[in-house]
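Handing you this structure, nothing more for now.
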Amino acid sequence: MQIRLLCFAVLEEIAGTREQRLEVATGTTPQDLWAMMRGKHPRLSSYVTPPLVAVNQEYAPPTTRLEDGDEVAFIPPVSGG
Amino acid sequence: MKFRHLTDDPIDMGRLLDETRRDSDGALALFAGAVRNHHEGRSVESIFYEAYREMAEKELARIVEELKSEHSEVSLTVIHRLGLLRVGEISIAIVATSSHRAEAFEVCREAIERIKRSVPIWKKERSPDGETWVGWQGENRS
């Protein structure tokens, strides 16, 4: 199945891109995607737990089972205002 | 998607006040957040505000609706500006109006606190030494 992965702010800089379209196995969770990110980017290697996660623009647990077409976002600590 | 709570343009507090207040309101509470020229001992020249726009809009709308349902007498408007803002420019404006001041103050205060907790907006400070994302920089867990 296909999902869209979004990374913002400092995570976008680390990933080198804001949006990725990924082909993933059924049952993949945001936690699995985070493990993949950590594997690819040494700056993230010490972060076992993902930052906040949103699925389809709502906060969700990192263990959420993703569905085909989902929009997943990794959200670093927010600093609006 | 129509963005009611996010803008790329300067915020006009007076217009916001006029759009929010009703003739029954005797108390008009305004909060504005502005870019200050310092942060944690560093001097700041400007701040770049970035957002996960679609979700930030939904979160802001959710907070406004939540506060309106908790305080049915209050009229509330919230707007956050994005992009590059220089020192002194307004980044966020909140207007809460009500018959009396207690509720207007309370809702205004509560709105900014909730926004700072959950709305996916980030700021990158530009100082003479370079640029830094505020909060987590990806290296140390703070």
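Every read-out reported here was derived from the displayed coordinates using simple, explicitly stated rules and does not represent laboratory data. Small disclaimer: the values here were computed from a predicted structure and weren't measured. Glycine gets a Cβ as well: all are built from the backbone with ideal geometry, and neighbour counts include every protein chain shown.
Among the trypsin sites (Lys or Arg not before Pro) in region B:1-62, which ones are in a DSSP loop with at most 15 other Cβ atoms within 10 Å of the Cβ? Mind listing them?
Here the sparse-neighbourhood loop sites are B:LYS2, B:ARG4, B:ARG22, B:ARG36.
Now for a different question. Among A:TYR47, B:LEU17, A:ILE3, pick out the residue whose Cα is farthest towards the positive end of the charge dipole of the protein assembly as shown, where Lys and Arg carry +1 and Asp and Glu carry -1 on C-beta, about the Cα centre.
A:TYR47
Explain nothing, just compute: Karplus ³J(HN,Hα) = 6.51 cos²θ - 1.76 cosθ + 1.60, θ = phi - 60°, for every residue of region A:37-48 in order, whole Hz, x for Gly and Pro.
Here the 3J(HN,Hα) series is 4, 5, x, 7, 10, x, 4, 9, 4, 7, 9, 6 Hz.
So, in Å, what gap is there between the alpha-carbon centers of region A:1-70 and region B:52-87?
Taking the Cα centre of each part, region A:1-70 and region B:52-87 sit 26 Å apart.
Using a basic spin-label model with each label point 7 Å from the Cα along Cα→Cβ, how many nm lie between A:THR49 and A:ARG18?
Rounded to a tenth, the inter-label distance reads 2.9 nm.
Which of the aspartates and glutamates could a cross-linker span from B:LYS124 if the Cα-Cα distance has to be under 19 Å and same-chain partners fewer than 8 positions apart are dropped?
Those aspartates and glutamates meeting the cut-off are A:GLU12, A:GLU13, B:ASP8, B:ASP9, B:GLU40, B:GLU45, B:GLU50, B:GLU89, B:GLU139.
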